[in-house]
């Protein structure tokens, strides 16, 4: 049985029993550490995780708030507290723990501590980081490397650490997606290659201002041996002289700055490395200029790892887009329906809308984030027939659109399920070529995450098409 009161061993308090909390607890226990897990919630999924951990001898307490008074009885026995990424570092309990000389860590710190002898790629950015992580992992794997994706993409690093030590599983490259929350809490994270995909206003409720958010992202790049940046991103481009020296990419073949950029796409559609043609972009089938930027970022990393242009292009032939990212979920001769539930802010929604060159209806809504909305409002006004709004922020989004003298139709619904039939009927009536589900908001008003929201949208569309025969 786990003896948490053993003062002769390192004692860890794990706060939060999500995926990362579960695996970091399991891994640390397997390494002989003393572990206690708490979570303020209690549901079926948490209860199942608790049973699994308790069979291993790990103590788990559910319905336990993360309040200083609630955990004060453990302080004399504690060495480390590992926080869920959702807990802010200016949380009152966290500040009191720091004052009590307790070391605050993230799950990412444990992954780094035990796996830092491996080759790492660390990928961050406001938008695009999941696609870059997934695409780079795919290309390396297709070239006979063991290169799993990990981190914010959904697979905790401590899960790989657990298997690496228990089963001696080989890993050539660890391709790690890192959110600002994870980077913020990390103490020592120094990947061989760091990639910064994009930077726009996001998570300001957490980071307070753009400067803090920028500095957190930049912390990863500063600590990387090789740095790769996106020159097409205005905020990164404007910071060119401030950022640590690195490799820059650009997909803009109309105004390539070959003095500053190392990888670009020429006017014939070829990926270039300092003027040397590597392969034709036709090998890559994802929509949008933003995905060409993602391709260039991945190409730069793959080249540094040692792949040839042919090895990269051959791997691209078998690549399939991740769900919820400009994902075509229905298509016939008249209409295409696209799920872009991952568009959780104005900037990512703008990018998706910009990539569709068809007559268009937009579906947006959810919990609004802070951020500049003008470009989003204007592109909808320019390109779209109408917009269907739902959820917590529907009325607020309507007000934002009307601020720019919005001329198109606006429809408002309480729930996503309420609008699907109506949007399909409207699309048929107006002879619309594409419906784009592009929320421009977080999912947390009605869903656990963007994946649940996207899956629900796909279910509603399938149900409407098959059962109601609307098309």
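Take the conditions in contact with a strand residue (DSSP E or B) (Cβ under 7 Å, 6 or more places away or on another chain), in contact (Cβ under 8 Å) with a residue 60 or more places away in the chain and outside any helix (DSSP H, G or I) and apply them to residue 13. Does it pass? Yes; evaluated as a whole, the condition is true for this residue.
Please indicate, with yes or no, whether at least one residue in the range 103-119 is on the phi < 0 side of the Ramachandran plot, under 21 Å from the mean Cα position of the chain (by Cα), buried (at least 24 other Cβ atoms within 10 Å of the Cβ) and assigned to a strand (DSSP E or B). The answer is yes; a qualifying residue exists.
Counting only helices (runs of 4 or more DSSP H) that fall entirely inside the range 221-334 and contain at least 1 residues that are closer than 19 Å to residue 348 by Cβ and either assigned by TED's automatic domain parsing to the domain that holds residue 198 or out of contact with any helix residue (DSSP H, G or I) (no Cβ under 6 Å at 6 or more places or on another chain) (or both), the qualifying elements are 234-238, 289-305.
Across the range 303-316, the number of residues qualifying as under 15 Å from residue 284 (Cα atoms) and either under 24 Å from the mean Cα position of the chain (by Cα) or buried (at least 16 other Cβ atoms within 10 Å of the Cβ) (or both) comes to 7. Pairing each residue of the range 85-99 that is in the same structural domain as residue 19 (by TED's automatic domain parsing) and in contact (Cβ under 8 Å) with a residue 40 or more places away in the chain with any residue that is surrounded by 14 or more Cβ atoms within 10 Å (Cβ to Cβ) and outside any helix (DSSP H, G or I), provided the two are 6+ apart or on different chains, yields C-beta distances under 7 Å for 85/106; 85/179; 87/15; 87/66. When every residue of the range 123-136 is checked against the conditions, at least one turns out to be under 30 Å from residue 440 (Cβ atoms), in contact with a helix residue (DSSP H, G or I) (Cβ under 6 Å, 6 or more places away or on another chain) and assigned to a loop (DSSP other than H, G, I, E, B). Any residue that is on the phi > 0 side of the Ramachandran plot and either within 28 Å of the chain's Cα centre (by Cα) or part of a loop (DSSP other than H, G, I, E, B) (or both) - is there at least one of those in the range 410-421? Taking every residue of the range 410-421 in turn, none turns out to be on the phi > 0 side of the Ramachandran plot and either within 28 Å of the chain's Cα centre (by Cα) or part of a loop (DSSP other than H, G, I, E, B) (or both).
Filtering the range 59-86 down to residues that are buried (at least 17 other Cβ atoms within 10 Å of the Cβ) and out of contact with any helix residue (DSSP H, G or I) (no Cβ under 7 Å at 6 or more places or on another chain), which residue is modelled with the lowest pLDDT? Looking at the filtered set, the residue picked out is 78. For the range 178-203, filtering for residues that are at pLDDT 95 or above and surrounded by fewer than 20 Cβ atoms within 10 Å (Cβ to Cβ) leaves 2.
The listed residues are 64, 45, and the only one of them that is part of a helix (DSSP H, G or I) and not assigned by TED's automatic domain parsing to the domain that holds residue 212 turns out to be 45. Counting residues in the range 373-393 that are at pLDDT 95 or above, part of a loop (DSSP other than H, G, I, E, B), more than 21 Å from the chain's Cα centre (by Cα) and surrounded by fewer than 19 Cβ atoms within 10 Å (Cβ to Cβ) gives one or more. Just name the residue that is modelled with the lowest pLDDT out of those in the range 399-422 that are surrounded by 16 or more Cβ atoms within 10 Å (Cβ to Cβ) and under 15 Å from residue 377 (Cβ atoms). Per the stated criteria, the residue is 406. Residues in the range 158-177 that are within 16 Å of residue 141 (Cβ to Cβ) and assigned to a helix (DSSP H, G or I): 1 in all.
When only residues in the range 395-409 that are in a loop (DSSP other than H, G, I, E, B) and in contact with a strand residue (DSSP E or B) (Cβ under 9 Å, 6 or more places away or on another chain) count, which is nearest to residue 333 (Cα to Cα)? The residue in question is 408.
The values are calculated or read from the model by the stated rules, or taken from the named source; none is laboratory data. Owing to the predicted nature of the structure, the values given are computational and were not obtained by experimental measurement. Quick reminder, even Gly has a Cβ in these numbers, built from the backbone with ideal geometry, and neighbours come from all protein chains shown.
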